[in-house]
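Each remark here refers to the structure printed beneath this line.
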Amino acid sequence: MTSTGMTSTGTTSTGTTRTRAARPFGRLVTAMITPMTADGTVDLDGAGRLATYLVDEQGNDGLVINGTAGESPTTTDTEKEALVRAVLDAVGDRARIVAGVGTNDTRHTIELARAAEKAGAHGLLVVTPYYNKPPQSGLLAHFAAVASAVDTPVMLYDIPHRSGVAIATETLVRAAEHPGIVAVKDAKDDTVATSWVTARTDLAFYCGSDAMTLAQLAVGSVGVVGTATHFVGTPAKQMILAYESGDVIEARRLHRQLLPLFTGIFKTQGTILVKAGLATLRLPSGPVRSPLVNATAEELATLRVDAAAAGVTLPVAPGAGSPGDNAAAASPEVASA
C-alpha cells in the first residue's frame, strides 16, 4: 500500500472492493464502558443512553463497544452481541460503532467478528493475542485470518503492556497489505515506531493513550480512541482540530488543560474510575465485574481533583459526608460487584 495520506483501494477475500479512508472512524472515538445494573447485569438501555450522551453531547464520531474499557474479559458472547445492537439502535445512524472482538484464540475471535458483523458493526477492534505471546508470524496470521473472515473493516490494537507482545513495525507494514485491515489503535507509546509505520503505509493510526494524543498527531495519527473522553470529548476534539488547522499553540494549551484527567483516569484501572465518575453525573454506569473492584472513596476524591484541574466538575452526592464519597454513595446504580 502507498503512503498517500488520502485514500487507497483494495479487494477483500470475498471480492468486495473497499476504499481505505484517511479517517475511517472519524477523529474522536471513545472506548465506552459497559453500564451495569446494581446486581451486575448488563444494562442495555443504559448502554444506549450513554452512547447517546457520548455522541450528542461529547462530540464523539465513533464508539468502541466491548473493548477492555467495556469489560470484555467478563462479558459473555451473547452480552457482547446484544451491546453492539443496543448501541447501533441508539446512535448507529450518526456514529461509527466499532466492536471489540479480539481474544487470544483465532477461532473464537473469528466467531465474535462474524457475530458483530451480523449485528451491523461498522468496524472491528482486534487486540494482539495476550498471554500466549505468539511470534510476529503468528500475529500476522491471526490478524489476516480475522480480516479475511469478514467484510467489516478491522482496526488492530497494539497494547504491549497488557498483551505481553508488541506488533513490530514490519508486521504492521505487512498487515497493511490486507485490504480489510484499515486502522491501528496505538497504545505502544512509541512515536518513532508510529512514525515509521505511518510513513510506509496508509493505515489510519488512532492514539490509544489519551495523554499521547497530541504527540501522536505530530507523527501521523488521525485521532484518538480515548478513555477520559467520556468526560472531555469536546475539548479533546477541539485539540485535534486545532492541530489539524495549524494552530499548534492552541492544541498545546488544550493538551495541557486536559493532561490531569488524561493521566488521572488511569491512577487505577481506567474502567473503575470512568464508572465512578459517570455515577456522580447520574449517567449510566453501575458496578464493575470481578476481578475489578469499585473505586474507593479516596480514589474518587482524587479523580474529582484531577477532573477539576481539567475543567470538569464531578458533583458530590447530596448528603455525602465528604468529597471522597464512594461511587456507591454517588449513585444508587452503583454497588459492589
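Worth pointing out:
- Per-region count, segment 98-111, residues more than 14 Å from PRO153 (Cα to Cα) and hydrophobic (A, V, I, L, M, F, W, C): 0
- Helices (runs of 4 or more DSSP H) fully within segment 204-268 that include at least 1 residues being in contact (Cβ under 8 Å) with a residue 60 or more places away in the chain: 229-245.
- Test: ILE97 is among the β-branched types (Val, Ile, Thr), under 20 Å from LEU281 (Cβ atoms) and modelled with pLDDT of 95 or more: no
- Only one entry in ALA121, ALA86 is under 16 Å from the mean Cα position of the chain (by Cα) and closer than 18 Å to LEU44 by Cα, namely ALA121.
- Segment 282-301, residues that are small (Gly, Ala, Ser) and assigned to a loop (DSSP other than H, G, I, E, B): SER285, GLY286, SER290, ALA295
- Of the criteria (1) within 16 Å of THR30 (Cβ to Cβ); (2) in contact with a strand residue (DSSP E or B) (Cβ under 9 Å, 6 or more places away or on another chain); (3) of a type outside the set (D, E, K, R), which one VAL288 fails: (1)
- Tallying residues that are surrounded by 14 or more Cβ atoms within 10 Å (Cβ to Cβ), within 23 Å of the chain's Cα centre (by Cα), of a type in the set (A, V, I, L, M, F, W, C) and modelled with pLDDT under 95 within segment 1-46 yields 1.
- Residue among ARG96, ARG85, ARG107 that alone is in contact with a His (Cβ under 6 Å, 6 or more places away or on another chain) and of a type in the set (Lys, Arg): ARG96
- Options GLY223, GLY138, GLY120: the member that is of a type outside the set (Asp, Glu), in contact with a Leu (Cβ under 7 Å, 6 or more places away or on another chain), surrounded by fewer than 20 Cβ atoms within 10 Å (Cβ to Cβ) and at pLDDT 95 or above: GLY120
- The residue of segment 68-82 that is nearest to the chain's Cα centre (by Cα), among those that are under 16 Å from GLU111 (Cα atoms) and buried (at least 22 other Cβ atoms within 10 Å of the Cβ), is SER72.
- Test for LEU258: is it more than 13 Å from MET32 (Cα to Cα), within 19 Å of the chain's Cα centre (by Cα) and of a type in the set (A, V, I, L, M, F, W, C): yes
- Selection within segment 52-67: residues that are among the small types (Gly, Ala, Ser) and assigned to a loop (DSSP other than H, G, I, E, B). The member of this set that is surrounded by the most Cβ atoms within 10 Å (Cβ to Cβ) is GLY67.
- Residue within segment 107-127 that is over 26 Å from MET32 (Cβ atoms) and in contact with a Pro (Cβ under 8 Å, 6 or more places away or on another chain) present: no
The values are calculated or read from the model by the stated rules, or taken from the named source; none is laboratory data. Quick caveat: nothing in here was measured; it's all calculated off a predicted structure. Don't worry about glycine lacking a Cβ; one is built from the backbone with ideal geometry, like all the others, and counts go over all protein chains shown.
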